[in-house]
Structure formats: structure tokens, C-alpha cells
Amino acid sequence: MTSYENLRHFADSYALVVTVALFLLLCLWPFRPGARKRNEEAANSIFEGNDDGE
């Protein structure tokens, strides 16, 4: 087997599994139980220091 075939086999099998697992982990990360406070802080951070004369 050539190095191209070896890399192609790796990309078609293991790299695909790792990529899907990483994608699912990153999609579910904000919904973990301990993240509520940090998510609320991040959502409201754009309103801090908003002194535009009102």
C-alpha cells in the first residue's frame, strides 16, 4: 500500500469517527448541567457598559 492509500483509509474510517464525536461533543457542551450560569453571563455580557445616554 502506498502512503496515499494509508492516509485515505485513515481518513475514511478513524478520522470520520473522531470528527463526528468531536462535533457531537461541541454541540452538546453548552447544555451540560453546570453551564447555565456561564451561558447567562455570556448572553448578557453585550449589555454591560452600555452608556449611550439613555
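The values are calculated or read from the model by the stated rules, or taken from the named source; none is laboratory data. Just so it is clear, the model here is predicted, and its values are computed rather than measured. We place every Cβ from the backbone using ideal geometry, glycine too, and count neighbours over all the protein chains shown. SASA here: full protein model, heavy atoms, side chains in, ligands and nucleic acids out. Shrake-Rupley method; radii C 1.70, N 1.55, O 1.52, S 1.80 Å.
For this structure, a couple of remarks:
- Candidates TRP29, MET1, LEU16 compared by Cα position along the dipole of the chain: farthest toward the positive end lies MET1, with charges placed on Cβ.
- On Cα atoms only, tilt of 3-12 relative to the major axis of the chain in degrees: 50 degrees
- The helix-only estimate of mean residue ellipticity at 222 nm for the chain, built from DSSP H runs of length n ≥ 4 each weighted as -39500 (n - 2.57), is -19000 deg cm²/dmol after division by the residue total.
- Angle between the chain longest axis and helix 14-28 axis [Cα atoms, degrees, rounded to 10]: 10 degrees
- Element breakdown for the chain at a 1.4 angstrom probe: carbon and sulfur atoms account for 63% of the accessible area.
- Cubic angstrom per residue, convex hull over Cα atoms of the chain: 125 Å³
- In a reduced charge model with +1 at each Lys and Arg Cβ and -1 at each Asp and Glu Cβ, the chain shows a dipole moment near 500 debye about its Cα centre.
- Label-point separation in nm, SER3 to LEU22, each point 7 Å along Cα→Cβ: 2.2 nm
- Per residue accessible area of the chain, 1.4 Å probe, in Å²: 100 Å²
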